[in-house]
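The next block holds one structure in the form of structure tokens; read it before the comments.
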Amino acid sequence: MEMEMKMKVNKVGFIRFEQDEMGVFPARIGVFGGRRNMSVTPACTGIFSLKTDEGLFDGYEFLLEDVHEEKDLLRFTFQSPSSSFTVESTWKYDEETNIISRKDVFINSGSEARVVNRFFPKIVFQSGDYSLYTQQSRWGLESQGVWRDLSAGAIELSSRLGRWTEGGTPFAVLRTYESSEALSFHVIPNGDYLMRFASAVVSTMKPHCIFQYGLSDEDLDALVLPGEKLEAPELLIQRLPSREAYSGSAMLHRYANKYLCAKRETLPVLYNTWLDVMGYLDVPRMRKQLEAAKKAGSEVFVIDAGWFNAHGNWTEKENEAFFGKMKEFADEVRAAGLGFGLWIEPEFFAVDCPAVKEHPEFFVTTDGRWKDSARMRMDFTVPGAVDFYYEMIASLIRKYDLAYIKFDMNTTPGRDSNGTALYEYVKGIHTVMMRLRKDYPGTVLENCSSGAMRTTLAEVGCFDMHFVSDNANVLDVLHITQGTALRMPAGRIMRWLTLASPGNFRLWPETFAPRHSVIQPQNATWKHFEETDLVCGILASMLGVLGFSGDFASLQEETLSSIREITEFYKENREIFQNGEMTLLTPPDSIDHRHGFIAFHISRPGNAKSFLFLFYRNCDGASRMILKMPHYTASAVLEKESLYKVIPRFGNVESAVSFTVTGGELAADGIEIPLQVEQHGDFKGCLWEITKE
């Protein structure tokens, strides 16, 4: 105890650091212990692991040169044994959200170039029984999470050649068997990344947990010149108020809205042509869709793939689609009162496109995903490449007066021949996007990325919204929303409500037929489809940014009017939906879970309104549901003595009525929601408004 009292201690937020002869280490992280036992391997020491052309360093070999400490900020500066390079590790705490940001940078402070083969910031946890929540993402099956025990070996999460969320996502939650809380970790990628949670056994002790992350070291061979630096990806460490992975979503959204997100208060309601008849663009048909989209309340009409000649050759087809007259159709869209938008995939260039022929020095070949086509991408290390790429996109904005651009990324950038794990490539892409935002503030930028294959906190400052999944099935989208909300600001996630009329086909006898039947895809195409509840679909789609697709021209006038009614309500409150914080009131379920309840609460600090969404299967037999906001959310949202009016808005049964209650009573007792019960199953949705009087 006496030795502990004399030990040098530094603190930032919920992390306490100590120093001993093996260096600096976190001794406590929230309710979790850091490395304390002296009988540890070198891998269990230090706060980073580094491999350069000078050798491998676990961190304890470095001289602690300086400690800078101020309110809510702590910076360690380390010098290498040869004094040829420096490492800075900066930890910054946000008290409001209970989140710590960690940024580490390698600085070549010597006179010779250095080669970095690994730069992994590190946190070592004491011996214990650890388990880890991680997510798997596949096309149409994004953000699906599970808990796994970390009993031996390692669990690794990594990106695949520029696709940050294909396979795993850069997000994990750690807890022990006994812990009352959990810790979440969000890596903000700046290139291909790796997150590794490894167990390290010493003698008879339970395993230490060693968490390392950084640019992937699989091909890392980064040349850092004197005076230059190499940054590790930023890490967010969040102290979760319970053991559940979903207990921190609202505060993560508050942090992202506060520090990370692009500053745009409201985003438009969209119509996109893709899931009408895919890439087939027929102008008379599109005019009908434009008319129907306007009736439904759309504010921007987006032309998806099918209009251009080739990737990298963003000129119009002359013999099909618009026959070279898309600008005239764009004028028609604006005359109808809507903004005009386009789909492009600018990160992929066909090998024979004019841009590659004009400036071959700007391009490198990717390894491709299809054997029958060569693919090229930009090399942003070449002088002039960033400006060339910027102008390619900016010229489209000027030519078509674009209110909206949908940026897709269906192919990988490939392996990085520069040895920086796409570090320089990502820097180039982000530079261009931020420049476009500055120069064309009226143009909304969407990060599509092949259905959320690159949807991370790294993109929220560059793009205004992020497409959650190509999967357009309402129930699937709800489950994907649950998982994605754990790692992304939910208000910036957009969805397409994809609908068409079934025509004369009815699944029901006429006496049971809904007033206006609609069908939706079962996944990402119309190959398989099913009937869906209209109100449920709209409510599921307005949990962030609301978008439409499909054959809206086939819908009945009554159906379009119903959509418009809810859409107008959405517009009146979109400042909350798009900039608010989402709390999951039910645990995330697998996409295969086709029954039960899914509930969310959305609020925004300083706004008198909040909203409760409930989705349920009406043949499960439940006649009511009582929903309470968790104490860690309710205490931040509801004022105990104030009065709140609770109002059923859409999708509720006739017995649902408004009532007034104090914030304390509402937090304690929740909201009792009467439900529809029916023998023949369908997913229903209902919306309740909670307003402070």
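The numbers here are math on the coordinates, done by the rules we state, and not lab data. Quick caveat, the model's predicted, so the values are computed rather than measured. Methodologically, a virtual Cβ is constructed for each residue, glycine included, from the backbone with ideal geometry; neighbour enumeration extends over all protein chains shown.
The 3J(HN,Hα) values that the Karplus relation (6.51, -1.76, 1.60; θ = phi - 60°) gives for region 234-241 are, in residue order, 5, 10, 9, 10, 10, 8, 7, x Hz. Gly and Pro appear as x. Over what distance in Å are the Cα centres of region 163-218 and region 402-474 separated? Answer, in whole Å: 25.
Estimated from helices alone, the mean residue ellipticity of the chain at 222 nm is -6000 deg cm²/dmol (sum of -39500 (n - 2.57) over DSSP H runs with n ≥ 4, per residue).
Sorted by packing (mean other beta-carbon atoms within 10 Å per residue), highest first, where do 445-453, 52-60 land?
On the way: 445-453: 24.2, 52-60: 17.1.
So the peptides 445-453, 52-60, ranked by packing, come out 445-453, 52-60.
Over region 324-461, what portion of Cα pair distances is larger than 18 Å, expressed as a whole percent? Write out the running numbers ahead of the final one.
Details: 5606 of 9453 pairs.
Percentage above 18 Å: 59.
If you take all other residues with their beta carbon under 10 Å from the beta carbon of Y404, and give Lys and Arg +1 and Asp and Glu -1, the sum is -2. Based on alpha carbons, the Rg and Dmax found for region 598-692 are 13.5, 43 Å.
For region 2-243, the percent of C-alpha pairs falling in each 5 Å distance bin, counted from 0 to the bin holding the largest distance, reads 1, 6, 14, 18, 20, 18, 13, 7, 3, 1, 0, 0. Kirkwood-type hydrodynamic radius, region 552-645: 15.9 Å, calculated from all non-identical alpha-carbon pairs. Distance between the C-alpha centres of region 100-131 and region 617-693: 47 Å, rounded to the whole angstrom.
Counting other Cβ atoms within 10 Å as a rough exposure proxy, the listed residues H430, H311 run H430, H311 from fewest neighbours to most. Considering only beta bridges that DSSP places wholly inside the chain, some 85 percent are antiparallel. For a distance above 18 Å, tell me the whole-number percent of Cα pairs in region 150-289 that qualify. Of all Cα-Cα pairs in region 150-289, 71 percent lie more than 18 Å apart.
Separation of region 526-550 from region 269-313 is 17 Å, based on Cα centroids.
A quarter of the convex hull surface defined by the alpha-carbon atoms of region 323-369 gives 5.2 nm² as the mean projection.
What the pair-distance distribution of region 246-395 shows, using all Cα-Cα distances binned every 5 Å from zero, is 2, 8, 14, 15, 13, 13, 14, 12, 7, 2, 0 percent. For region 129-232, the Cα-based Rg and Dmax, in that order, read 15.6, 48 Å. Taking N as the residue count of region 83-163, its C-alpha radius of gyration divided by 2.2 N^0.38 Å amounts to 1.53.
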